[in-house]
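Working notes, structure below.
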Amino acid sequence: MTDLPTELSDIVGARHVLQRATELLVYENDALPGYHKRPRLAVFPGTRDEVIAVVRALHRARVAFVPRGAGTGLSGGALADDVVLIGLQRMRRIISVDPAGRSAVVEPGVVNSSLTKAATPFGLHYAPDPSSQSACTIGGNVAENAGGPHCLKYGVTLNHVLAASVVLPGGDVVRLVRPGEDRTGYDLLGAYVGSEGCFGVTLDVTVRLTPNPEGIRTMLADFTSVDDAARAASAIVAAGILPAALELMDHGTIEAVESSIYAAGYPRDAAAVLLIEVDGALAGLDDDVSAVQRICRECGAREIRTASDAGERARLWQGRKKAFGAMGRVAPHLAVQDAVVPRTKLAPILARIAEIGARQRIHVCNVFHAGDGNLHPNVPYNGDDPDEAARVHAAMREIMELCIAEGGTITGEHGVGLDKIGYMERLFPGESLDAMCRLRDAFDPERRANPGKVVPSHRCREWLAAPGAHT
Amino acid sequence: MTSRPATAAELAGMIRDAHDRRTRLRVIARGTWQGCTAAVAPDAAVLDVSGLSGIIEYVPGDLTLTARAGTTVAEVDAATSAHGQWCPLLPWGGDEGTLGATFATATHGPCSVSLGAPRDLAIGMEFVDGTGALIRAGGRVVKNVAGFDLTRLLVGSWGTLGVITELSVRLRARPTVDETWSVAIEAGGGARARLEEFRRGPLAPLAMMEFEGRTLVRLGGNAAFVAASREIVKTLGAADPCDTRIWMRLRQRDPKPRGPLASSALGDPLSTRVKKQFDPRHILNPGIMGEAYA
């Protein structure tokens, strides 16, 4: 019997199998700072048939694996700890675009923004827009049920995936389809989207494409207190306006952005800014703009700027989308959070987060999807300073406990992965975690896909009884 | 025999008991979907969820609502419309059915295309699986990727994986203007093509339906948006204003939901494995998917 590396090389070609430590170095991280895991080997299939053959070979060898797209995830979901890493970045063909049906079929390695680029000639785009959209892949987006600023109005990945072909860890290929009005059967596609690589490997995805809006109005409202900005965000949503995006950046974030190459012209003396975009039909659009401006003023906005052209709009957005990157200038490490809280509690929770930050003497930079209540309190810090690192981790834990206690959740779009697995038992009772394990077992009875992620394995009732195959 | 639990814990105890004794159960609430459960094993004991009723939490500013599964769609509608909001399910069959049944059957309605189907509106739930385990999924916030998505799994599973006891849903503001037109679409002159263009365009209506030889068009949005939509509608043919309550009448007389057909819903190996994980003894609505039961 041939050994696994040889068998995999026979499938994908020797140059698409990496085994040497120096070659694997780049795959030891994803975009979550502070975690390093060395895969046992990495394999890069280039076609659908190769992906299936690789998964079947791993099945025969009873070897665990981690699927990986561009490695832009922020929860450590794509880290492979001494197991096989299946890199899907060669699977980057856009198989078809159907302008009349407003859909496209793509391979999992297609980059999010490439899909929108392919749809642009038809006046269409792919709506979910994570900040990493210029690098992240559709396969990764499906695995994480990725969001983005415009998900406030347009919905998350789940709402835009129409079908997927998946090779299950046992080697079977299944077709999962979004249930329609007249279709019965379990919503296994809904269960698959957001399963963080624990249910199988995506072979192709059929996505919905969204018509470009007739008009877009992008505004920047600046506030002298975070509390006012948060109240304005809550008030806009409560007033029944559904902006395309409603983002909040606080002073720390504004400073980081304005000091970087991504400077967007945000007012450096503001305590917080709201980046608000309304879009849709031209008819009625300016009424929404007026309503948003009125609410911002009522909540104490100092100034409200409206982007006058596409260039200014892009610049305003660049600061937001590159904010995480801009924080790289501030300190070598960055702790990233993704909690979601009820929208009406934004202002008091931000005040509590500021208290926690002050007490732990850390620098919290808030940049987040205020319209959904999806917080990203990020902390740039020096991980080589053990005292500072300990304070950052203590603060992060306190913030997470706070958000859970206020009726929120631990992750809105980044996924649980490795980073937040410790909070799952705080959020869900044991029977719920066991039920999640059972759903995973239906897809992956041997538990070989992305082991050790999402749900703590000791929470699975029959963990010990299951065939142990986590080599 | 009928059991009518008053709490989720009591319901969980009953299912645990049924699991232990291998008692088959027919899950019902208001009976709105009874026709669809004709295929359920005739000897099944009735488990009536209608006692689990009432809104648990509704914060209008959050645009979310949590209610027990036996709460009717009408009750949710009354509570939310007091704040100018709605859970835009507007399911076929009317508003007398329960929230639990609407989501368990994933019943759509005339506005589902524009405002979201049940799978898009559910943000969390509590349910009891076929072993009697009381399980929480999702949460009460609008964006949530913590853990595997049991909520999506249960929506549309027709009570065969678990009995929903509580639901959290996303709400929306009601459109400022909500009006309906009855249009006699012109036979020629490209009116049909323009109608299609309108349906797909930026001024798309909330709902559109053929009715007694005319086309009903429901427009919703702010005043300027609806005014612009109305102008297009008037170019499609003779248009008469119509009482918006017509949609309720249409929903009530429509026989939908049709119920799960004798389909392959449980035929594929993956669905079979899911079923075994959540209802290993096949006691929940056995036969409803047209599947064989021993």
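Okay, here's what the table says:
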read-out	value
Lone qualifier among B:Asp77, B:Asp129 - being touching a strand residue (DSSP E or B) at 6+ places or on another chain (Cβ under 7 Å) and in contact (Cβ under 8 Å) with a residue 24 or more places away in the chain	B:Asp129
Count of segment B:120-139 residues which are more than 30 Å from B:Arg22 (Cα to Cα) and touching a Pro at 6+ places or on another chain (Cβ under 7 Å)	0
Matching residues in segment B:277-294 - criterion: being in contact (Cβ under 8 Å) with a residue 24 or more places away in the chain and of a type outside the set (A, V, I, L, M, F, W, C)	B:Asp279, B:Pro280, B:Arg281, B:His282, B:Asn285, B:Pro286, B:Gly287, B:Gly290, B:Glu291, B:Tyr293
Tally, over segment B:118-136, of residues that are under 14 Å from B:Ser157 (Cα atoms), outside any strand (DSSP E or B) and charged (D, E, K, R)	1
Residue match in segment A:257-276 (condition: within 14 Å of chain B (Cβ to nearest Cβ) and either assigned to a strand (DSSP E or B) or on the phi > 0 side of the Ramachandran plot (or both))	no
Qualifying residue in segment A:210-225 (condition: within 26 Å of A:Ala53 (Cβ to Cβ), surrounded by fewer than 24 Cβ atoms within 10 Å (Cβ to Cβ) and under 25 Å from the mean Cα position of the chain (by Cα))	no
Qualifying residue in segment B:43-55 (condition: crowded, with 23+ Cβ neighbours inside 10 Å, out of contact with any Asp or Glu (no Cβ under 9 Å at 6 or more places or on another chain), touching a residue at least 40 places away in the same chain (Cβ under 8 Å) and aliphatic (A, V, I, L, M))	yes
Test result for A:Glu401, closer than 29 Å to A:Leu275 by Cα and either at pLDDT below 95 or among the charged types (D, E, K, R) (or both)	yes
Lone unmet requirement of (1) more than 7 Å from every other protein chain (Cβ to nearest Cβ); (2) closer than 18 Å to A:Ala146 by Cα for B:Asn144	(1)
Qualifying strands (runs of 3 or more DSSP E) (wholly inside segment B:1-75; at least 3 residues being farther than 19 Å from B:Gly124 by Cα, of a type in the set (A, V, I, L, M) and in the same structural domain as B:Ser168 (by TED's automatic domain parsing))	B:25-28, B:45-48
Count of segment B:165-204 residues which are within 12 Å of chain A (Cβ to nearest Cβ) and in a loop (DSSP other than H, G, I, E, B)	8
Filter result for the condition that a residue is crowded, with 19+ Cβ neighbours inside 10 Å and in a loop (DSSP other than H, G, I, E, B), over A:Gly171, A:Gly185, A:Gly190, A:Gly180	A:Gly185
Residues located in segment A:316-345, provided they are buried (at least 24 other Cβ atoms within 10 Å of the Cβ) and touching a Gly at 6+ places or on another chain (Cβ under 7 Å)	A:Asp338, A:Ala339, A:Val340, A:Val341, A:Arg343
Filter result (over 30 Å from A:Val379 (Cβ atoms) and surrounded by fewer than 16 Cβ atoms within 10 Å (Cβ to Cβ)) within segment A:283-305	A:Asp286, A:Ser290, A:Arg294, A:Arg297, A:Glu298
Members of segment A:156-189 found to be facing another protein chain (nearest Cβ under 7 Å), of a type outside the set (D, E, K, R) and under 21 Å from A:Gly101 (Cβ atoms), listed by number	A:Asn159, A:Pro179
So A:Asp279, is it within 14 Å of another protein chain (Cβ to nearest Cβ), crowded, with 16+ Cβ neighbours inside 10 Å and touching a His at 6+ places or on another chain (Cβ under 9 Å)	yes
Neighbours by Cβ (under 7 Å, 6+ apart or cross-chain): first from segment A:94-110, closer than 13 Å to A:Asn141 by Cβ; second among the polar types (S, T, N, Q) and not in a loop (DSSP other than H, G, I, E, B)	A:Pro108/A:Thr137; A:Pro108/A:Thr202; A:Gly109/A:Thr137; A:Val110/A:Thr137
Complete set of residues in segment B:11-42 that are loosely packed, with under 15 Cβ neighbours inside 10 Å and modelled with pLDDT of 95 or more	B:Asp17, B:Asp20, B:Arg21, B:Arg22
Exclusive hit being closer than 20 Å to A:Asp129 by Cα and hydrophobic (A, V, I, L, M, F, W, C), set A:Ala405, A:Ala390, A:Ala358, A:Ala314	A:Ala314
Sole residue being touching a Pro at 6+ places or on another chain (Cβ under 7 Å), away from every other protein chain (no Cβ under 14 Å), among the polar types (S, T, N, Q) and assigned to a strand (DSSP E or B), chosen from A:Thr206, A:Thr202, A:Thr218	A:Thr202
Any hit, segment A:185-205, residues being under 22 Å from A:Gly417 (Cα atoms) and charged (D, E, K, R)	yes
Qualifying residue in segment B:212-228 (condition: away from every other protein chain (no Cβ under 14 Å), more than 24 Å from B:His108 (Cβ to Cβ) and among the hydrophobic types (A, V, I, L, M, F, W, C))	no
Residue count, segment A:401-426 (criterion: out of contact with any Gly (no Cβ under 8 Å at 6 or more places or on another chain), surrounded by fewer than 23 Cβ atoms within 10 Å (Cβ to Cβ) and either within 7 Å of another protein chain (Cβ to nearest Cβ) or farther than 11 Å from B:Ala146 by Cβ (or both))	6
Yes/no for B:Thr131 being in contact with a His (Cβ under 6 Å, 6 or more places away or on another chain) and more than 7 Å from chain A (Cβ to nearest Cβ)	yes
Boolean, B:Gly84 is in contact (Cβ under 8 Å) with a residue 12 or more places away in the chain, within 18 Å of A:Leu242 (Cα to Cα) and either aromatic (Phe, Trp, Tyr) or surrounded by fewer than 24 Cβ atoms within 10 Å (Cβ to Cβ) (or both)	yes
Only one of B:Arg253, B:Arg258, B:Arg249 that is within 13 Å of chain A (Cβ to nearest Cβ) and at pLDDT below 95	B:Arg258
Some residue of segment B:152-164 being surrounded by 24 or more Cβ atoms within 10 Å (Cβ to Cβ), out of contact with any helix residue (DSSP H, G or I) (no Cβ under 8 Å at 6 or more places or on another chain), over 18 Å from B:Asp48 (Cβ atoms) and at the interface with another protein chain (Cβ under 7 Å from one of its Cβ atoms)	no
Restricting segment B:229-246 to residues that are among the β-branched types (Val, Ile, Thr) and in contact with a Phe, Trp or Tyr (Cβ under 6 Å, 6 or more places away or on another chain), the residue that is nearest to the other protein chains (Cβ to nearest Cβ)	B:Ile232
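The values are calculated or read from the model by the stated rules, or taken from the named source; none is laboratory data. Remember, predicted model here, so these are calculated numbers, not experimental data. Heads up, the Cβs are rebuilt from the backbone with ideal geometry, glycines too, and the neighbour counts pull from every protein chain shown.
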